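Working notes, beginning with the structure itself.
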Amino acid sequence: MPIHRAIRRVAECIGESDPGGFGERFPRAREAIRVAALAGDLAIRGRKQVLERWSSTLFSESPRPIPPEYWKTHVITAVAAGEGTTDQASAHTALNPAPRRPAGNSYSGLELDGSEVERLWPLPRPAQDAGLDNPD
């Protein structure tokens, strides 16, 4: 599951709406995913940064597992919440707090196992399916 879909799923489950401002896209949902990854409850894969120049950042071709300890010092950026950001030009992780210049250990194209996301954040069942509309 691409990161932007996972973020929207988590946001829906926790009742977070998108404030829409750049840098502020689903901050609670992004943090919930980071915390689950740090705890080892959610595996995240991404394309690791391999080269940085003043004009461009390059990432590996194939995604690799991101170790849970990575999330002690890194966050999922607001860029990751946007559709169409699965390309290799945008970093989806950053050091927290962010340094003036990128540290060279970012990831792009974050991917999650959809079944893990659904297990951790199940969508609420409608009241009729849960039997709440029947007083018996």
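Computed over neighbours whose Cβ is under 11 Å from that of P68, the net charge equals 0, Lys and Arg +1, Asp and Glu -1.
Between E31 and L51, the simple label model (points 7 Å from Cα in the Cβ direction) yields a spacing of 3.8 nm. Ranked for footprinting exposure by Cβ neighbours inside 10 Å, fewest first, V75, V10 give V75, V10. If R₀ is 35 angstrom, what is the calculated FRET efficiency for the pair L123 and S60, using the beta carbon separation as r and rounding to 0.05? That gives a FRET efficiency of 0.60. The stretch between E24 and K72, if pulled fully straight at 0.36 nm per residue, gains 15.2 nm over its current Cα-Cα span.
The numbers here are math on the coordinates, done by the rules we state, and not lab data. What you are looking at is a predicted structure, and each value in this text was computed from that prediction instead of being measured. We place every Cβ from the backbone using ideal geometry, glycine too, and count neighbours over all the protein chains shown.
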